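What follows is a short report on a single structure.
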Amino acid sequence: MVSHRSHRRPFPPGSRWPARVTVLTAAASAVAALTSSIAGAEPDEGTSSHGSAGARVDRLYAQAERATEKYNGAAERVASLRERVEHIQDASARGQAKVNRLRNALGALAGAQYRSGAIDPSVALLLSEDPDGYLDKAATLDRIGDRQRNRLREFRGAQRVLEQRRAEASRTLERLAKQRAELNRHKKSVQAKLGSARRLLEQLSPEERSDRKRAARGVPRQGGGAEASSARAAAALAAARSAVGSPYGWGQAGPNAFDCSGLTQWAYGQAGTAIPRTSQAQRSAGRQVPLSQARPGDLVIYRADASHVAMYAGNGQVVHAPHPGAQVRYDPVGMMPVSAVTRP
């Protein structure tokens, strides 16, 4: 898939939609007001007393999402390196088998040559009862010598290739170990932030919890809208719509649970199109278009660090996997600052 980078400037947080798509219901406005704080300043560990407990939960979810995307990227690199190691090890095993065969063949030829060369060839000719037969054998021995030299060169070449593959395997294994360590760090970061968010949620009053649940019930707006830019975009959107109601699962890319980039990757996969795993990479997975020209199936990238992604569903809405504890749902496209819109 060819990636086209846009020369357009990123969309400022204040970018506005035409009137036909910016008129949101009161409930949708409440959601946008609630979630817009996600992109603001964040406490180091999400334990600051500044702001309401609900706002602090949202900040922790945003931090966890950033860590989740880093986890996804590290997981992708680990999988790629693991596959590379297996390929190198298979090639090394084949190379070792070739070296062993050549070594055995060289040993047999060397033994035969040693035995045939124990007597000086001119003396052997004089003593031979069958000079013509001896000369034929000598010619054969010369050919065996040539064959031995060729096999020796092949053997040395096979040894060099085997050593190179072993060195590459060693380097790749070192990189794999580092990536696995990075993966574990991101995993611990996600788990720590989610743990803090859960503890804060437990401190909310029943009324606050009820308010959050109501705000989380995203529903599709009815009415006409733009058509998808392509058949695959329409198919991807249909897949994303079919996932509405599925639980959020960090590090998950379907089919039963999703994080934000996992949902969009899975949806386009269902449409037969491969896109990268992380929201940062998905930002460059196609042609960027202005927010005002977004069409169903486009990827909407949020925050300056591209740590969240959703799929435009038309009518000023997106479908996305919001955060832990929530389900795949619809929300207003302006729920948080948009940094890019990408059309795969």
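No lab work stands behind these numbers, since they all come straight from the coordinates. Everything numeric in this text was worked out from a predicted model, so none of it was measured. Note that we place each Cβ from the backbone using ideal geometry, even for glycine, and neighbour counts take in every protein chain shown.
Each peptide among 87-98, 249-260 gets the average number of other Cβ atoms lying within 10 Å of its residues, and from highest to lowest they stand as 249-260, 87-98. Database remark: amide H of Ala226 closer than 5 angstrom to the amide H of Asn315 (H placed geometrically; neighbours at sequence offset of 5 or more, or on other chains; Pro and chain starts carry no H).
Rg/Rh for the stretch 277-337 stands at 0.93; both radii use Cα atoms, and Rh follows the Kirkwood definition. Protection proxy ranking for 176-183, 189-196, using the average of other Cβ atoms within 10 Å per residue and placing the highest first: 189-196, 176-183.
Rounded to 0.05, the FRET efficiency of the Asn256 and Leu204 pair, given R0 = 41 Å and the Cβ-Cβ distance, is 0.90. Can you compute the label reach from Gln191? Point 7 Å from Cα along the Cβ direction, backbone N cut-off under 15 Å, restricted to the stretch 63-102. Taking a point 7 Å out along Cα→Cβ of Gln191, the residues of the stretch 63-102 whose backbone N falls under 15 Å are 68, 71. Calculated on the Cα set of the stretch 241-344, radius of gyration then Dmax: 12.0, 33 Å. Sequentially through the stretch 175-181, phi angles give Karplus couplings (6.51, -1.76, 1.60; θ = phi - 60°) of 4, 4, 4, 5, 5, 5, 5 Hz, Gly and Pro residues having no value and appearing as x.
Which one, Pro322, Ala235, Met335, projects farthest toward the positive side of the charge dipole computed for the stretch 220-344 from Cβ point charges (K/R +1, D/E -1)? Ranked along the dipole, the leading option is Ala235.
First measure r as the distance between the Cβ atoms of Ala304 and Asn104, then evaluate 1/(1 + (r/R0)^6) with R0 = 41 Å and state the FRET efficiency to the nearest 0.05. The formula returns an efficiency of 0.05 here. For the stretch 158-173, 3J(HN,Hα) computed residue by residue from phi via the Karplus equation (6.51, -1.76, 1.60; θ = phi - 60°) reads 5, 5, 4, 4, 5, 5, 5, 5, 5, 5, 5, 4, 5, 5, 5, 5 Hz, glycine and proline entered as x. Applying the Karplus relation 6.51 cos²θ - 1.76 cosθ + 1.60 with θ = phi - 60° to the stretch 328-344 yields 3J(HN,Hα) values of 4, 7, 9, 8, x, 4, x, 5, 7, x, 8, 9, 6, 10, 10, 10, x Hz, where x marks Gly and Pro.
Amide H to amide H, with H built 1.01 Å from N, Asp298 comes under 5 Å of Tyr312, counting only residues 5 or more places away or on other chains.
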